[in-house]
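Working notes for the structure below.
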Amino acid sequence: MHPGAIILMHENHGQTVRALINIFAALQRKHLRAVSVPQLLTDDPPSATQLRAGRTGCGVRGVTALTGA
């Protein structure tokens, strides 16, 4: 987890719901907070260089978005 990371979580799986306690604790330890993808794009939009690079321009690895607290 790092600022700008996008984490895909399936809310329909019990194990994901149970994992949320650990996920939010890890976010707090790293001084990160969960935001929506639209909020992430508003707070930290991709640069023109990243947009030109397409999918790989933002280091896409995989969606809750993370931003520095």
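Okay, here's what the table says:
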quantity	calculated
Of all residues in segment 11-20 being polar (S, T, N, Q) and open to solvent by 40 Å² or more (accessible area, probe 1.4 Å), the one that is modelled with the highest pLDDT	Gln15
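Rundown of residues vs (1) surrounded by 13 or more Cβ atoms within 10 Å (Cβ to Cβ); (2) assigned to a helix (DSSP H, G or I), yes/no style:
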site	(1), (2)
Met9	yes, no
Asn22	no, yes
Ala25	no, yes
Ala34	yes, no
Leu40	yes, yes
Pro46	yes, no
Leu51	no, yes
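The values are calculated or read from the model by the stated rules, or taken from the named source; none is laboratory data. The structure displayed is predicted, hence computed values, not measured ones. FYI the Cβ positions are ideal-geometry reconstructions off the backbone, even for glycines, and counts take in every protein chain you see. With ligands, DNA and RNA removed, areas are computed over all heavy atoms of the protein, side chains included. Shrake-Rupley method; radii C 1.70, N 1.55, O 1.52, S 1.80 Å.
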